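Here is the structure we will look at, set down as structure tokens.
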Amino acid sequence: MNVPSASPARWALVAAGVFGLAGCGWFSAPDPVAPTTPCPLHMVHLPAIGDTGAVCIDLYEFPNRKGVLPRTHVTWTEAAAICANQDKRLCTAAEWSRACSGPSVRGVSARMYSYGASFDRQRCNTPRDDSGPPLDRPAPLAESGSFPDCHSPEGVFDLNGNVSEWVADEWTERAGPLMRSKDEPDAAGPAHVVRGGTMWTRTPYGQSCTSSHGHAGDSRFNDDGFRCCAEPRTPSGTPLPPGSDRGL
Ligand SMILES: [Ca+2]
């Protein structure tokens, strides 16, 4: 996968810790004496631990803004281009899993949901006892961050439910069922993977951190979105060597 080079001018080292847009409630203000994190604003740094490499990941589903509805009806190609335009890229399935499940150590992940081991249908936008409406009806999306306890320990929101999220990986049978819309049975091009499930409980792919299914890359669904990732970087904008941010 080609990773776009970042323009250092668009990156800024920020104090470590979880914080977001100005005036966003529980987020703490940057601490001027805290160590810096090698990620842009409004991204969370997930350092390399165990089997998983380091990555910067958006706090929220795109457009990564608290209080704003996530983008839907977007193809995989469009999602990848939008991330690239921000000097980011789509997350890989492994990075998405690391954000949701926690670091994998010798193949064992820490949790099944971003918030813990057990399903709580009210904690995220995952309460709908249905398999979803027709595509010509809007999905009951939630504004990013409107479920205040729907986040990982590192502060990444809405990984379980709300919109399913395109990741970079091409779909294979190991990535769950390939779901096609009856409105576009002949969609062309390679299929790609979407992760995390949506608000609908009665789907074959679920709503946990292992939730995975495929869609044709040029399909548009009313409950599919994405979030962006990026490489951790030095203050000059150079990608950090793999593993060099362990323990940051
Ligand atoms: Ca989601």
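The values are calculated or read from the model by the stated rules, or taken from the named source; none is laboratory data. These figures come from a predicted structure and were not determined experimentally. Don't worry about glycine lacking a Cβ; one is built from the backbone with ideal geometry, like all the others, and counts go over all protein chains shown.
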Notebook entry, point to check: Out of all the residues in the stretch 181-194, is one or more within 16 Å of the ligand (Cβ to nearest atom) and part of a loop (DSSP other than H, G, I, E, B)?
Noted result: no
Next item on the list: Check Asp136, Asp149 and return the single one that is more than 15 Å from the ligand (Cβ to nearest atom), over 13 Å from the mean Cα position of the chain (by Cα) and in a loop (DSSP other than H, G, I, E, B).
Entry: Asp136
Notebook entry, point to check: If you take the residues of the stretch 152-171 that are part of a loop (DSSP other than H, G, I, E, B) and away from the ligand (no atom under 15 Å from the Cβ), which of them is nearest to His73 (Cα to Cα)?
Noted result: Trp171
Item checked: Filter pass, Asp120 being within 16 Å of the ligand (Cβ to nearest atom), among the acidic types (Asp, Glu), touching a residue at least 12 places away in the same chain (Cβ under 8 Å) and surrounded by fewer than 21 Cβ atoms within 10 Å (Cβ to Cβ) -> no
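Results for (1) within 16 Å of the ligand (Cβ to nearest atom); (2) surrounded by fewer than 17 Cβ atoms within 10 Å (Cβ to Cβ); (3) at pLDDT 95 or above, shown as yes or no for each residue.
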residue: Thr203; (1), (2), (3): yes, no, no
residue: Cys209; (1), (2), (3): yes, no, yes
residue: Ser219; (1), (2), (3): no, no, no
residue: Gly225; (1), (2), (3): yes, no, yes
residue: Cys229; (1), (2), (3): yes, no, yes
residue: Thr234; (1), (2), (3): no, yes, no
residue: Pro242; (1), (2), (3): no, yes, no
residue: Arg246; (1), (2), (3): no, yes, no
Note to self: Any residue at all in the stretch 77-85 that's assigned to a loop (DSSP other than H, G, I, E, B) and closer than 28 Å to Ala216 by Cα?
What the structure shows: no
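For every residue, the table says whether it meets (1) aliphatic (A, V, I, L, M); (2) modelled with pLDDT under 65.
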position	(1), (2)
Met1	yes, yes
Leu13	yes, yes
Pro35	no, yes
Pro40	no, no
Leu46	yes, no
Ile49	yes, no
Ala94	yes, no
